[in-house]
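The values are calculated or read from the model by the stated rules, or taken from the named source; none is laboratory data. Please read these numbers as outputs of a predicted model, since none were measured by experiment. Quick reminder, even Gly has a Cβ in these numbers, built from the backbone with ideal geometry, and neighbours come from all protein chains shown. Areas reflect the complete protein model, heavy atoms only, side chains present, ligands, DNA and RNA absent. Shrake-Rupley method; radii C 1.70, N 1.55, O 1.52, S 1.80 Å.
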Amino acid sequence: AQKVTQAQTEISVVEKEDVTLDCVYETRDTTYYLFWYKQPPSGELVFLIRRNSFDEQNEISGRYSWNFQKSTSSFNFTITASQVVDSAVYFCALSEALYRDDKIIFGKGTRLHILP
Amino acid sequence: NAGVTQTPKFRVLKTGQSMTLLCAQDMNHEYMYWYRQDPGMGLRLIHYSVGEGTTAKGEVPDGYNVSRLKKQNFLLGLESAAPSQTSVYFCASSLLSGSMDEQFFGPGTRLTVL
């Protein structure tokens, strides 16, 4: 069954520290897509990244980086040198291509607090 | 471009009342979605649409109805509101299927059912 687990409900770090948000997924498909979305205190969700299952290359975008490991079914998100503006709820999500029905499943989210 | 807008932003209903939430997008997207967000539950898909005139059930469709009469609008209806429907509702749209493509979200509607 399709499932996304974000075991960290809430994390607090001091500004400038690095922090990693974990995402573990389960899928019956060999072709699938993984996403990360950010929900800042304003409430509106913002897309961060999409990765398909055939592309295991890690991605870096400024202070953000993503580590995709099929062997452990994980798609972890790291923020380097965190800033207060990074405080938000972060959602990992999964969709399956073979059984695709135009839907994605979201994890329950990790609330990240960056303390000044 | 306004992106995805939702009306209203806040609403309080009494049990048994009905209401309609409006979602509008100006990006000419084919796909539109309604989610609800509850504490500790993440986002759960209520209904979605893959194009004008189409609708489909999501993960938690009971108690809701939807219509997509125009490509740019996606309406979510509650015929007889219940306290369990107290939630924050998000609309989203995407050019391609949201299972492969970035979804653009509206600002949300906070609904309280007393």
**Message:** Can you work out the Karplus-derived ³J(HN,Hα) for every residue in region A:39-54? Use 6.51 cos²θ - 1.76 cosθ + 1.60 with θ = phi - 60°, whole Hz, and x for glycine or proline.
**Reply:** 10, x, x, 5, x, 7, 6, 10, 5, 10, 7, 10, 9, 9, 5, 8
**Complete:** Under Stokes-Einstein, region B:4-107 at 4 °C and 1.567 mPa s, with its Kirkwood radius over C-alpha pairs, diffuses with a coefficient in µm²/s of 95 µm²/s
**Proximal lysines to B:Lys57, defined as alpha-carbon separation beneath 21 angstrom and excluding residues fewer than eight positions away on the same chain** = A:Lys3, A:Lys103, A:Lys108, B:Lys70, B:Lys71
**Request:** Let me know the mean shielding of B:93-105 by other chains, meaning the per-residue number of their Cβ atoms within 10 Å of its Cβ.
**Result:** 6
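With all protein chains present and a 1.4 Å probe, how do A:Val24, A:Val85 order by accessible area, largest first? Could you put the intermediate results ahead of the total?
Working: A:Val24 70, A:Val85 100 Å².
Most to least solvent-accessible, the answer reads A:Val85, A:Val24.
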**Request:** Please report the base-10 log of the normalised intensity I(q)/I(0) for region A:53-116, using a Debye sum with one equal scatterer per alpha carbon and no solvent, at each q in 0.14 (1/Å).
**Result:** -0.53
**Asked** How many Cβ atoms of partner chains, on average, are near each residue of A:41-53 if near means within 10 Å of its Cβ?
**Response** 4
**Message:** From the phi angles alone, apply the Karplus equation (6.51, -1.76, 1.60; θ = phi - 60°) to region B:104-114 and give each ³J(HN,Hα) in whole Hz, x where the residue is Gly or Pro.
**Reply:** 9, 9, x, x, x, 10, 8, 10, 10, 10, 8
**Asked** For the pair A:Glu15 and A:Arg28, how long in nm is the line joining their label points, each one 7 Å along Cα→Cβ?
**Response** 4.9 nm
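With N set to the residue count of region A:3-115, report its C-alpha Rg divided by 2.2 N^0.38 Å to two decimal places. The partial results should precede the final answer.
On the way: Rg = 13.7 Å, N = 113, 2.2 N^0.38 = 13.3 Å.
Rg over 2.2 N^0.38 Å, computed on Cα atoms: 1.03.
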**Request:** Apply the Karplus parameterisation 6.51 cos²θ - 1.76 cosθ + 1.60, with θ equal to phi minus 60°, to every residue of region B:73-85 and state each ³J(HN,Hα) to the nearest whole Hz, in sequence, with x for glycine and proline.
**Result:** 10, 9, 9, 10, x, 10, 6, 9, 4, 10, x, 5, 8
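To one decimal place, what Kirkwood hydrodynamic radius in Å is obtained for the protein assembly as shown from all pairs of distinct Cα atoms? Intermediate results must be reported in sequence, preceding the final value.
On the way: mean 1/r = 0.0550 Å⁻¹.
Its Kirkwood hydrodynamic radius stands at 18.2 Å.
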